[in-house]
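Heads up, the thing below is written out as structure tokens.
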Amino acid sequence: MTTLLDLLGGSPTLLAIGEPTHGESALLQIRNDTFLTLAEHGYRSIALESDRAAGLLADEFVDGGSVPLDRALAEGFSHGFGAAPANRDLLLRMREWNAGRPAAQRLRFHGFDAPLEIEGAPSPRRHLTLVCDFLGLDRSAEIDDLVGDEARWSDTAAVWEPGRSVGRSTDAQRLRVLADDLLTELFLQAHRRSAGWRAAHVHAMSAVALLRYHAAAATDLAPEERFARLAGVRDALMAENLLAIRAVEADRGPTLVFAHNTHLQRHPATMTMGGATVSWAGAGAIVGALLGERYAVVVGALGASPALGIDAPAASTYEGRLQQRDDLPGYVPTADIEPAERRTHDYRYFPLDQATIDNADAVLYIPTGVDAAVLAERIGALPGVEQVVASAENGSPEAAWGDRFFHVGPDRRQPFATIVEHDVPGFDEAGQLDRPGVFRLNLELGRAEFEEAFGFAPAAFEEHRDDFDYARLDTLTPHPGYALYGFASIVMPGPQMLPEIDRLLEIAHARAVDRHERASRRAADLRD
């Protein structure tokens, strides 16, 4: 894969990598590898499209705190992003990096989104209460009185009906004054309350952000203008957070930011609604204008995504042209991308177009995401391979239905590769395969290759069992149940791992072919 900083010709203080859609794990897996590589070159923080206040909890885990991983994932991300297996890996890899390092070299996690969705936002009650608690002020009765019923704030219909929004009510106006007063008080007390001050400031700004958004929701505009206004306000809040994060991180090193392309691109974002095209400045357009060359943006693009039902692109499109390269997945300079057709797709995927390419520094292109079917097709293309899929019809236990077993020859006792999507309670649960979309490739490496990979023989596995995280993606580990027989595993290998997978498959397949040929010779000898 092309080194990103070499391609960019330097280290921008804010480096953005975008994704054209949410839900394709390959983009996040390559993001993780990129960030840890950037850490070797002085990058010290990452900012994700997730609530900034929630991110304080994830950062506490990353910094080695006592917050359990499950809680950091459940509460340290917004928009459900904590459920992504690659985000679990990101937190763990950052925590491992930080262990034993001085503060200046430690990695920090940030969210940079406001605590809201386009279609609705909660009240500022929680954030205001936390700030008051930090300052030692008892204003809970006043806050509760002004906020009132939470339902009037979270009413999603208010986004489309300004008359239902609480955002310009007298109560909301008084809350904005209260939030501003608390911000002033934070600075007045900073000299004697420095511990925890930054977190309190994040919560204060989150309260302000929510009140701004509710005020925008109460503005009487036509539906198309209304959507553009709310989307623009959200992106403006994102930009404000990014600039605040850079102020905090300025003395420690550059920041990687990862989000949807529309939030990070330099040119205005657009969307078609009711036959009309609406446009607004995204966070990237705002920070790009303010930071200039200190901001660089790499837009993400996909060929196919089995997970999202996105088929391979037509050859005449930008993605189709990139699909023909043999050096991907990886980063492509935009200067190397010639004009082509814009790919047609629905709202799930925002395809490349000339404006996006003209306003980006590079493109991260992934020819295909990897799921169980993609790997099965790859294995099935090897000579003499037969696949058996566990089912009720072939007598397999229900817990294994859908798992795939690959053999050479008629002997079905020992597959050389399997693809499994289920935990086996009491026997094989370390891979956490019951997470949505998670699968694991298992390969028979044999003693020599196993020892080459892990530094010990299969027979010594139990002595090393606790050395591995069997749920981590993109990582070759001993099989937690069959390592003694020379089996290894990879959970959800990303497309960047396909060359290494092909190499390991060749070894496992050769062993199966040799076993089949030896069995055939023995059978022939017995017949003679």
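The values are calculated or read from the model by the stated rules, or taken from the named source; none is laboratory data. Small disclaimer: the values here were computed from a predicted structure and weren't measured. Cβ sites come from the backbone with ideal geometry, for glycine too, and all protein chains shown count toward neighbours. Note: areas computed on protein heavy atoms with side chains; ligands, DNA, RNA excluded. Shrake-Rupley method; radii C 1.70, N 1.55, O 1.52, S 1.80 Å.
Pairs only if they're at least six apart or on different chains, beta carbon under 8 angstrom, first in the range 506-528 and open to solvent by 60 Å² or more (accessible area, probe 1.4 Å), second among the charged types (D, E, K, R) and modelled with pLDDT of 85 or more; list them, first residue then second.
Partner pairs satisfying both residue conditions: 511/444.
Residue 384: out of contact with any Pro (no Cβ under 8 Å at 6 or more places or on another chain) and not hydroxyl-bearing (Ser, Thr, Tyr), yes or no?
yes
Just to check your reading of the model, which residue among 287, 257, 278 is hydrophobic (A, V, I, L, M, F, W, C), outside any helix (DSSP H, G or I) and within 29 Å of residue 42 (Cβ to Cβ)? If you could, list the steps in order and put the result at the bottom.
Details: 287 fails: outside any helix (DSSP H, G or I); 278 fails: within 29 Å of residue 42 (Cβ to Cβ).
Result: 257 is the single residue among 287, 257, 278 that is hydrophobic (A, V, I, L, M, F, W, C), outside any helix (DSSP H, G or I) and within 29 Å of residue 42 (Cβ to Cβ).
Taking the range 416-427 as the region of interest, how many residues are farther than 14 Å from residue 401 by Cβ and open to solvent by less than 20 Å² (accessible area, probe 1.4 Å)?
Filtering the range 416-427 down to residues farther than 14 Å from residue 401 by Cβ leaves 416-417, 425-427.
Filter once more, so that each one left must be open to solvent by less than 20 Å² (accessible area, probe 1.4 Å): 416-417.
Residues meeting the conditions: 2.
Being of a type in the set (A, V, I, L, M) and modelled with pLDDT of 95 or more is the filter here, so list the residues in the range 277-297 that pass it.
Selection gives 281, 283, 285, 286, 287, 289, 290, 291, 296, 297.
Can you tell me which residue is least open to solvent (accessible area, probe 1.4 Å) among those in the range 191-225 that are touching a helix residue (DSSP H, G or I) at 6+ places or on another chain (Cβ under 8 Å) and not in a helix (DSSP H, G or I)? I'd like the intermediate steps shown before the answer.
So the first thing to find is which residues in the range 191-225 are touching a helix residue (DSSP H, G or I) at 6+ places or on another chain (Cβ under 8 Å), and the list is 193, 196-221.
Restricting the remaining residues to those that are not in a helix (DSSP H, G or I) gives 193, 196, 218-221.
On the way: 193: 77, 196: 44, 218: 20, 219: 37, 220: 125, 221: 60 Å².
The selected residue is 218.
Given the condition in a strand (DSSP E or B), in contact with a Gly (Cβ under 8 Å, 6 or more places away or on another chain) and either closer than 26 Å to residue 7 by Cα or basic (Lys, Arg) (or both), answer yes or no: does some residue in the range 376-387 qualify?
no
Can residue 257 be described as among the β-branched types (Val, Ile, Thr), modelled with pLDDT of 95 or more and open to solvent by 20 Å² or more (accessible area, probe 1.4 Å)?
Working: among the β-branched types (Val, Ile, Thr): yes; modelled with pLDDT of 95 or more: yes; open to solvent by 20 Å² or more (accessible area, probe 1.4 Å): no.
No: the conditions fail for residue 257.
In the range 314-343, how many are under 20 Å from residue 18 (Cα atoms), part of a loop (DSSP other than H, G, I, E, B) and touching a strand residue (DSSP E or B) at 6+ places or on another chain (Cβ under 6 Å)?
So the answer is 3.
Specify the residue that is nearest to residue 87 (Cα to Cα); the eligible residues are those in the range 470-495 that are under 32 Å from the mean Cα position of the chain (by Cα) and surrounded by fewer than 18 Cβ atoms within 10 Å (Cβ to Cβ).
Restricting to residues being under 32 Å from the mean Cα position of the chain (by Cα) and surrounded by fewer than 18 Cβ atoms within 10 Å (Cβ to Cβ), the top hit is 475.
Do the conditions hold for residue 233, that is, is it within 21 Å of residue 117 (Cβ to Cβ), of a type in the set (A, V, I, L, M) and touching a strand residue (DSSP E or B) at 6+ places or on another chain (Cβ under 8 Å)?
Working: within 21 Å of residue 117 (Cβ to Cβ): yes; of a type in the set (A, V, I, L, M): yes; touching a strand residue (DSSP E or B) at 6+ places or on another chain (Cβ under 8 Å): no.
In short, no.
Residue pairs, Cβ under 6 Å, 6 or more apart or interchain, first in the range 478-491 and more than 11 Å from residue 445 (Cα to Cα) and among the β-branched types (Val, Ile, Thr), second in a strand (DSSP E or B) and open to solvent by 10 Å² or more (accessible area, probe 1.4 Å). List them.
Pairs that qualify, where the first residue is more than 11 Å from residue 445 (Cα to Cα) and among the β-branched types (Val, Ile, Thr) and the partner is in a strand (DSSP E or B) and open to solvent by 10 Å² or more (accessible area, probe 1.4 Å), are 490/476.
Pairs only if they're at least six apart or on different chains, beta carbon under 6 angstrom, first in the range 430-458 and closer than 10 Å to residue 479 by Cα and open to solvent by 20 Å² or more (accessible area, probe 1.4 Å), second among the aromatic types (Phe, Trp, Tyr) and not in a strand (DSSP E or B); list them, first residue then second.
If the second residue must be among the aromatic types (Phe, Trp, Tyr) and not in a strand (DSSP E or B), the pairs left are 430/470.
For residues in the range 141-156 being open to solvent by less than 50 Å² (accessible area, probe 1.4 Å) and more than 30 Å from the chain's Cα centre (by Cα), which is farthest from residue 227 (Cα to Cα)? Walk me through how you get there before you give the answer.
Residues of the range 141-156 that are open to solvent by less than 50 Å² (accessible area, probe 1.4 Å), as a first pass: 143, 146-148, 153, 155.
Next cut, more than 30 Å from the chain's Cα centre (by Cα) only: 143, 146-148.
Numbers: 143: 29, 146: 27, 147: 25, 148: 27 Å.
Restricting to residues being open to solvent by less than 50 Å² (accessible area, probe 1.4 Å) and more than 30 Å from the chain's Cα centre (by Cα), the top hit is 143.
Being among the hydrophobic types (A, V, I, L, M, F, W, C), surrounded by fewer than 18 Cβ atoms within 10 Å (Cβ to Cβ), within 24 Å of residue 289 (Cβ to Cβ) and touching a residue at least 40 places away in the same chain (Cβ under 8 Å) narrows it down to one of 243, 264, so name that one. Walk me through it before giving the result.
Details: 264 fails: surrounded by fewer than 18 Cβ atoms within 10 Å (Cβ to Cβ).
Going through 243, 264 in turn, just one is among the hydrophobic types (A, V, I, L, M, F, W, C), surrounded by fewer than 18 Cβ atoms within 10 Å (Cβ to Cβ), within 24 Å of residue 289 (Cβ to Cβ) and touching a residue at least 40 places away in the same chain (Cβ under 8 Å): 243.
Tell me, please, whether a residue that is among the charged types (D, E, K, R) and more than 22 Å from residue 28 (Cβ to Cβ) can be found in the range 469-489. Break it down stepwise before answering.
Residues of the range 469-489 that are among the charged types (D, E, K, R), as a first pass: 469, 472, 474.
Applying the additional criterion that residues be more than 22 Å from residue 28 (Cβ to Cβ) yields none.
Looking through the range 469-489, none of the residues is among the charged types (D, E, K, R) and more than 22 Å from residue 28 (Cβ to Cβ).
For residue 75, state whether it is in contact (Cβ under 8 Å) with a residue 12 or more places away in the chain, open to solvent by 60 Å² or more (accessible area, probe 1.4 Å), under 30 Å from residue 155 (Cα atoms) and not polar (S, T, N, Q). Steps first, answer last, please.
On the way: in contact (Cβ under 8 Å) with a residue 12 or more places away in the chain: yes; open to solvent by 60 Å² or more (accessible area, probe 1.4 Å): yes; under 30 Å from residue 155 (Cα atoms): yes; not polar (S, T, N, Q): yes.
In short, yes.
Do you know which residues across the range 37-62 are part of a helix (DSSP H, G or I), buried (at least 17 other Cβ atoms within 10 Å of the Cβ) and either under 16 Å from the mean Cα position of the chain (by Cα) or of a type outside the set (Phe, Trp, Tyr) (or both)? Outline the logic, then answer.
In the first step, residues of the range 37-62 are kept if they are part of a helix (DSSP H, G or I); the result is 37-39, 52-62.
Retained after the next criterion (residues that are buried (at least 17 other Cβ atoms within 10 Å of the Cβ)): 38-39, 52-62.
Those that are part of a helix (DSSP H, G or I), buried (at least 17 other Cβ atoms within 10 Å of the Cβ) and either under 16 Å from the mean Cα position of the chain (by Cα) or of a type outside the set (Phe, Trp, Tyr) (or both): 38, 39, 52, 53, 54, 55, 56, 57, 58, 59, 60, 62.
Output yes when any residue across the range 309-322 is aromatic (Phe, Trp, Tyr), under 24 Å from residue 25 (Cβ atoms) and open to solvent by 60 Å² or more (accessible area, probe 1.4 Å), and no when none is. If you could, list the steps in order and put the result at the bottom.
Let us first name the residues in the range 309-322 that are aromatic (Phe, Trp, Tyr), namely 318.
Retained after the next criterion (residues that are under 24 Å from residue 25 (Cβ atoms)): 318.
Cutting the leftovers down to open to solvent by 60 Å² or more (accessible area, probe 1.4 Å) gives us none.
No.
Which residues, taken from the range 96-110, are among the small types (Gly, Ala, Ser) and farther than 13 Å from residue 252 by Cα? Walk me through how you get there before you give the answer.
In the first step, residues of the range 96-110 are kept if they are among the small types (Gly, Ala, Ser); the result is 99-100, 103-104.
Answer for the range 96-110, where residues must be among the small types (Gly, Ala, Ser) and farther than 13 Å from residue 252 by Cα: 99, 100.
Any residue in the range 308-321 that's under 30 Å from residue 436 (Cβ atoms): show its pairings with residues that are of a type in the set (Ser, Thr, Tyr) and open to solvent by less than 50 Å² (accessible area, probe 1.4 Å) at Cβ separation under 9 Å, as long as the two are six or more apart or on different chains.
308/21; 308/349; 310/21; 310/349; 311/305; 312/368; 319/365
Please determine, by comparing only the residues of the range 388-414 that are in contact (Cβ under 8 Å) with a residue 40 or more places away in the chain and in a loop (DSSP other than H, G, I, E, B), which one is nearest to the chain's Cα centre (by Cα).
Filtering first and then ranking leaves 414.
In contact (Cβ under 8 Å) with a residue 24 or more places away in the chain and touching a Lys or Arg at 6+ places or on another chain (Cβ under 6 Å): which single residue out of 146, 91 fits that description? Break it down stepwise before answering.
On the way: 91 fails: touching a Lys or Arg at 6+ places or on another chain (Cβ under 6 Å).
Only one candidate qualifies: 146.
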